[in-house]
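The values are calculated or read from the model by the stated rules, or taken from the named source; none is laboratory data. Small disclaimer: the values here were computed from a predicted structure and weren't measured.
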Amino acid sequence: MVIHQQVDFYLLKANQVIEQAQEQLNVGMQVQEGDVAEYTNAQQQLEEISQEIEALSRSATAEQRDQLGRAQQRLRQMQNQMILQRSDY
């Protein structure tokens, strides 16, 4: 069983990564060139936290899986937005 603190930690980490990715997405939308390295790094961080949450979900309670699942969905949405934004260039 997953400790409640672990779930809270990864939910907080997911929110922070999503916020950082949103900032990079906003920068990319304002300046079409943007900083490719930072944009790519934000995408990589989204993928990493997504994988960590997926692994954590395997040993979580039903309530924790629900919370983690919602975080996963937000991560996927951000990943999709970033992919679509870059394909516009």
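Results for (1) at pLDDT below 95; (2) assigned to a helix (DSSP H, G or I); (3) among the charged types (D, E, K, R), shown as yes or no for each residue.
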position	(1), (2), (3)
MET29	yes, yes, no
ALA37	yes, yes, no
ARG70	no, yes, yes
ARG74	no, yes, yes
GLN81	yes, yes, no
TYR89	yes, no, no
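Could you tell me which residue of the stretch 59-68 is nearest to GLN24 (Cα to Cα), considering only residues that are in a helix (DSSP H, G or I) and hydrophobic (A, V, I, L, M, F, W, C)? Out of the qualifying residues, it is LEU68.
If you go through the stretch 1-52 and keep only what is of a type in the set (Gly, Ala, Ser) and under 12 Å from LEU75 (Cα atoms), you end up with ALA14, ALA21, ALA42, SER50.
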